[in-house]
Amino acid sequence: MLTRYQVLIFITGAATLGLEVLASRVMTPYFGVSLYIWAGILSITLTFLAIGYSFGGWLTRRLGPGGVEFAFLAAPPVSALAIVVACLLFPPAFPVLAELSLVGGSFAGGTLLLALPLVVLSAMNPLLVALMRDKVEGGDGGAGRVFFISTVGSVAGVLVTAFLFIPILENFRALLLIGCALCASSSLLVVSGVSVPPRGRLHIAAGSVLVAGLSFLLLVEQNTYFDFLDRNAGRSYDLKVKAVYKSVYGNIKVIGLNHHNPKSVPSNIYMLDGRVESQLTPDGIALTEYTYVLEKLATAYSQPNPDVLVLGLAAGVVPRAFKRDGAKVAVVDINPDSLKAATEYFNFDPEGIELNWEDARTFARHCQNRFDTIVIDLFQGGTIPDHLLTVEFFRDLASCVRPRGSIVMNAVIDRQNDNAHRRLLATINAAFAHVRDFLPPVPDEQTARTRNGYVVASNAPIPANPKVRLNFVPSFMFTGIARALGSGREVTADVLGNARPVTDNHNVFSILYAATRMADRGKPLRQWSPHVLVN
């Protein structure tokens, strides 16, 4: 009997850490991946594990042996029921929490997802110790073995979640499957024979079947539930999820957008973990200003028909533009699914383009004097990964371009966090002798705190006013793009002030950009359907 109970504690240990990993993924479209968000998830997990251990100890003191065994076997379906309730609540609750306060909302959201399941599951450890105490010789009463098995189960849960659930399942459904697995585990133990009285066994088995049925119903009818939540949205446009590409690198969704105004043109949106990366009309016209600015800046500061490296594929807008203009193009992206989305929905033709599927950091290390221009558009979950912002990375890029080559970078500018941007400029300037910064002016009516900015760097002098042709640019975007291209300034010692470069040894960008990332992520989320945000 104890051996079977140890198998159950292994399964519940796996569920515990699997829930934590999935919670981080579920929360990303709403709260992002900043340092504060991760600190919140980890602290919430540890807090409720500790509460659960204490609660389990309290139960062992209040219940007799039969009651302890009943509580131990009833815990998995109770935890599964808490998961079902959390899955019902978080789609309507998270957008509201994120708009109220990104930090406070992330703590509240993590609590909503994890509190009850973790308290109940972690309470099982002291309950099993109490059951083993009179049957195991040794001073610890088997406590060490219980926590060893539970911890090994947690390791297995992380691996199964990361390498099996996340690549093939939506996180919403993976949560519900964990609930089903918990119910099944408890039910199998009950029907295989335990010392709990028949009435107690019946209650546990019936409860497990009921909760598993609720989990399965919500899993199957997920879209129906989201339609119900969406029925009174009152939007002036329709959203349709056309495709979902799941991977360990994030969930890509292709969203069809149709405005109710008959004069508006429908479009497809490339969305990664809840953030819009690109937007194109069905015939392939880009509606995102930054893609044109990156292309025009790179073209202006390179020779005709250059060798171009684009770091970051997304919908393929930038590499497609260079290929059209006669450049020899190479692309680096960590997520092969981006190619599927780009070719199937965004008119991207990879023929003649060199495709490399690896991290930009590792690619840059072995790239020598190959390119005239490198375009950097590396965003993951709405932020640039910290390891792609250090002096060492930019020095690798400096070795990757030819002597008079340049890099052009897309960055997020925060009007209330100038220090972070100056540290980025200082970091780039440590690898390149000449740097120009492009800060598009913000129209009076625009109140957004964050916006796109651009950086050009080279070891050769950078002309102040290069000739730029606005060919292939939609007429309604001329003004904004021209304004961005004309906003350049030379990065001098006066611009940098006392800003110091950031290195791998002391990479503080997660802290420097934390407020910016939260401000950027905190833009209104209720404009999106649960079909779009729930990943």
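Taken together, the values in this text are just the output of simple stated rules run on the coordinates, not laboratory data. Since we're looking at a predicted model, the values are computed, not measured. Cβ coordinates were reconstructed from backbone atoms using ideal geometry, including for glycine residues, and neighbour counts include every protein chain displayed.
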note = In order over segment 263-268: 3J(HN,Hα) from phi, Karplus 6.51/-1.76/1.60, θ = phi - 60°, whole Hz, x for each Gly or Pro, gives 7, 7, 8, x, 8, 10
key: q = 0.13, 0.14 Å⁻¹, segment 260-318: log10 I(q)/I(0) [Debye, one scatterer per Cα]   = -0.43, -0.49
note = Residues whose modelled amide H sits under 5 Å from the amide H of Ser247, counting only those 5 or more places away in sequence or on another chain, are Ile252
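On a 27 Å Cα-Cα criterion, which of the cross-link pairs Lys242/Lys263; Lys240/Lys323; Lys253/Lys467; Lys263/Lys296 come out too long?
Numbers: Lys242/Lys263 22 Å; Lys240/Lys323 30 Å; Lys253/Lys467 37 Å; Lys263/Lys296 29 Å.
Correct reply: Lys240/Lys323; Lys253/Lys467; Lys263/Lys296.
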Table column - 3J(HN,Hα) (Hz), segment 332-338, Karplus curve with 6.51, -1.76, 1.60, x for Gly and Pro = 10, 8, 7, 10, x, 5, 4
inquiry  = Going by Cα centres, segment 172-202 and segment 370-392 are how many Å apart?
reply    = 48
remark   = Residues whose modelled amide H sits under 5 Å from the amide H of Glu277, counting only those 5 or more places away in sequence or on another chain, are Tyr270, Met271, Leu272
remark   = For segment 239-250, Karplus-derived ³J(HN,Hα) couplings (6.51, -1.76, 1.60; θ = phi - 60°; whole Hz; x for glycine and proline) come out as 10, 9, 7, 8, 7, 10, 10, 9, 7, 5, 8, x
message = Using +1 at the C-beta of Lys and Arg and -1 at the C-beta of Asp and Glu, which of Ala330, Leu19, Leu35 has the Cα lying farthest in the positive direction of the dipole of the chain?
response = Leu19
ask   = Assuming a viscosity of 1.002 mPa s and a temperature of 20 °C, what translational diffusion coefficient in µm² per second does Stokes-Einstein assign to segment 20-122, Rh being the Kirkwood radius over Cα pairs?
value = 149
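Could you give the Stokes-Einstein D for segment 282-533 in µm² per second, using the C-alpha Kirkwood radius, 25 °C, 0.890 mPa s?
Numbers: Rh = 18.6 Å.
In µm²/s, the coefficient rounds to 132.
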request  = About the Cα centre of segment 110-243, how large is the charge dipole given +1 on each Lys and Arg Cβ and -1 on each Asp and Glu Cβ? Please answer in debye to the nearest 20.
outcome  = 120
inquiry  = Amide H of Val412 versus every other amide H placed in the peptide plane: which residues, excluding those fewer than 5 positions away on the same chain, fall under 5 Å?
reply    = Gly453
note = Percent of all Cα-Cα pairs per 5 Å bin for segment 2-226, counting from 0 up to the last occupied bin, reads 1, 7, 15, 19, 20, 16, 11, 7, 4, 1, 0, 0
key: For the chain, Cys with no neighbouring Cys Cβ under 4.7 Å   = Cys87, Cys180, Cys183
query = Any idea which of Leu63, Cys180, Cys367 is furthest toward the positive side of the dipole for the chain, if Lys and Arg beta-carbons carry +1 and Asp and Glu beta-carbons -1?
reply = Leu63
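Just the number, please: percent antiparallel of the DSSP beta bridges in the chain, rounded to the nearest 5. Mind showing how you got there, number by number?
On the way: 38 of 56 bridges.
Beta bridges within the chain, antiparallel portion: roughly 70 percent.
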ask   = Between Ala75, Phe10, Tyr301, whose Cα lies farthest towards the positive end of the dipole of the chain when Lys and Arg beta carbons carry +1 and Asp and Glu beta carbons carry -1, centred on the Cα centre?
value = Ala75
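Taking loop as defined by DSSP and a crowding limit of 12 other beta carbons within 10 Å, which chymotrypsin sites (Phe, Trp or Tyr not before Pro) in segment 226-320 fit?
Numbers: sites: Phe226, Phe228, Tyr237, Tyr245, Tyr249, Tyr270, Tyr290, Tyr292, Tyr301; in loops: Tyr249, Tyr301.
Here no loop site has a sparse enough neighbourhood.
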